[in-house]
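Asker: Let me begin by handing over the structure; questions about it come next.
Derivation of every value follows stated rules applied to the coordinates shown; laboratory data play no part. As the structure is a prediction and not an experimental result, all values here were calculated from the model. Cβ atoms come from the backbone with ideal geometry, glycine included; neighbour counts cover every protein chain shown.
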């Protein structure tokens, strides 16, 4: 089994093209694909010793000492320390984790506004090195000239020295088997992975197959590897991106005879779609009955759901319980197979045309 890690390079991924040596105007200090994490002026060897400390209390105490030693901002809680050190450990262990866990390989995924990069760890982690300090900071000064002003703050925040004071030491790793793809040519569920806040709010986090089964298949498709067939409705619909899932709900409502306000939300709190029955008679969408002139609201959730929000119905494809207000993957598939949803099914088939035998898979799956 393979392991995939979502890796950001610089604040907001501002240095992805630089480190991967794909920047048009400035090549990185090594002139070949390299990746880096920051986490202040603490050195690689200090972090290596820290992340492999088994006693949690000792680990946290040592980390606080290092923060004080390097005049770094002290983490507010033990949880914050854990989240930070777990990401650092993922990065440091990337080269050896596949070997230890019996996986085929570990691969990184980095996504910018126009490219998807997939590559493998090619070395252990070390500091960027004193002889590169000045060149690296000069590179970032040069990058700031070529990038929009809104990115300059993030670029400068990644500099080794600021006003003569060391603020970051990049912890670098050489990479191999580097592949680059235009973002419009990869499945939408992969192209929109940066919408996943859990991944993008961190620096180096595993793309967990339980949460992101569809994303893993999209990565395999992009790499021209064998794609697994979905075995249930949840896996099937996880092949859709968040935006595509909202579009699917929109189409089901529209083709059932009600008017959905828009294909995605963003303006109403906890509501993605407002659907209205403009007819003078009731309209049914499965078990959902719209009385004449009635409105109903829908929220589409891809992540966790601790409680139901303001919407009349919540779409949650991996929901396992029983609740009449929650629309599951099975409910959606049942609608897709209805006669009046011919256009919806055609849209779904076109959206997932990168999945082998997708039509027969949909036909055979049970709600």
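Asker: Could you put 209, 273 in order, starting from the residue whose Cβ has the fewest other Cβ atoms within 10 Å? Can you show the working numbers first?
Answerer: Details: 209 15, 273 23.
By the 10 Å Cβ count, ascending: 209, 273.
Asker: Still on this model: How tilted is helix 56-69 with respect to the longest principal axis of the chain? Cα atoms for both, answer in degrees (0 to 90, nearest 10).
Answerer: Computed tilt is about 60 degrees.
Asker: Rounded if a/c is under 1.5, else prolate if a/b beats b/c, else oblate: with a ≥ b ≥ c from the C-alpha gyration tensor eigenvalues square-rooted, which is the range 41-82?
Answerer: oblate
Asker: Using a simple spin-label model with points 7 Å from Cα along the Cα→Cβ vector, what separation in nm is obtained for residue 262 and residue 226?
Answerer: Placing both labels 7 Å along Cα→Cβ, they lie 4.4 nm apart.
Asker: Here's another thing I want to ask about it. If you build the Cα gyration tensor of the range 93-177 and take the root of 5 times each eigenvalue, what three semi-axes come out, in whole angstrom, biggest first?
Answerer: Working: eigenvalues 171, 64, 19 Å².
Working from the Cα gyration tensor, I get semi-axes of 29, 18, 10 Å.
Asker: Size of the range 234-364 along its principal axes in angstrom, Cα-based, largest extent first?
Answerer: Here the spans come out as 42, 34, 28 Å, largest first.
Asker: Ranked by Cβ crowding within 10 angstrom, fewest neighbours first, how are 316, 43, 149, 65 ordered?
Answerer: By the 10 Å Cβ count, ascending: 149, 65, 43, 316.
Asker: A further question follows. Report for the range 3-222 the percent antiparallel among DSSP-assigned beta bridges with both residues inside it, nearest 5.
Answerer: 85
Asker: For the range 3-222, what are Rg and Dmax over the alpha carbons, in angstrom?
Answerer: Gyration radius and largest Cα-Cα distance of the range 3-222: 17.1, 47 Å.
Asker: Then there's this: Given the Cα-Cα distance of residue 76 and residue 154 and 0.36 nm per residue of separation, how much length would full extension add, in nm?
Answerer: That works out to 25.8 nm of additional length.
Asker: If you don't mind, there's one more thing I want to ask. I'd like the orientation of helix 342-351 relative to the chain: the angle between its Cα long axis and the longest Cα principal axis, in ° from 0 to 90, rounded to 10.
Answerer: 20
Asker: Using the Kirkwood radius built from alpha carbon pairs, what does the Stokes-Einstein equation give as D for the range 23-67 at 37 °C and 0.692 mPa s, in µm² per second?
Answerer: 255
Asker: Restricting the calculation to Cα positions, tell me the Rg (one decimal) and the Dmax (whole number) of the chain in Å.
Answerer: 23.8, 77
Asker: Also, quick follow-up: Residue 180 to residue 270: FRET efficiency via 1/(1 + (r/R0)^6), r the Cβ-Cβ distance, R0 35 Å, to the nearest 0.05?
Answerer: For residue 180 and residue 270, the calculated efficiency is 0.35.
Asker: Under 18 Å from a point 7 Å along the Cα-to-Cβ line of residue 287: which residues of the range 243-260 have their amide N that close?
Answerer: So the set is 253.
Asker: Using 0.36 nm times the number of residues separating residue 27 and residue 339, minus their current alpha carbon distance, what extension gain do you get?
Answerer: Residue separation times 0.36 nm, minus the Cα-Cα distance, leaves 106.7 nm.
Asker: Report, for the chain, the % of DSSP beta bridges that are antiparallel, rounded to 5. List each step's numbers first, then the result.
Answerer: Details: 30 of 40 bridges.
Once the DSSP bridges in the chain are tallied, antiparallel ones form about 75 percent.
Asker: Next question, about the same structure. Can you pull the Kirkwood radius for the range 1-114, inverse mean 1/r over Cα pairs, to one decimal in Å?
Answerer: On the way: mean 1/r = 0.0632 Å⁻¹.
Evaluated over the range 1-114, this radius sits at 15.8 Å.
Asker: Right, something else. Based on DSSP, what percent of beta bridges with both residues in the range 234-364 are antiparallel, to the nearest 5?
Answerer: Among the beta bridges of the range 234-364, antiparallel pairing accounts for roughly 60 percent.
Asker: Just to be sure I understand the curve: with the Debye formula and one point per C-alpha of the range 126-234, what is log10 I(q)/I(0) at q = 0.22, 0.23 Å⁻¹?
Answerer: Those come out to -1.24, -1.27, one per q.
Asker: Applying a 10 Å radius around every beta-carbon, put 150-163, 4-17 in order of their mean neighbour count, most first.
Answerer: Going by the mean number of other Cβ atoms within 10 Å, highest first, we get 4-17, 150-163.
Asker: Counting only Cα atoms, I'd like the Rg/Rh figure for the range 278-351, Kirkwood definition for Rh.
Answerer: When Rh is taken as the Kirkwood radius, the ratio is 0.99.
Asker: Using Cα atoms only, what is the angle between the long axis of helix 242-256 and the major principal axis of the chain, expressed in degrees (0 to 90) to the nearest 10?
Answerer: For helix 242-256, the angle is close to 10 degrees.
Asker: I need the Debye-formula profile for the range 129-176: one equal scatterer per C-alpha, no solvent, reported as log10 I(q)/I(0) at q = 0.19, 0.24, 0.26 1/Å, two decimals.
Answerer: -0.64, -0.92, -1.01
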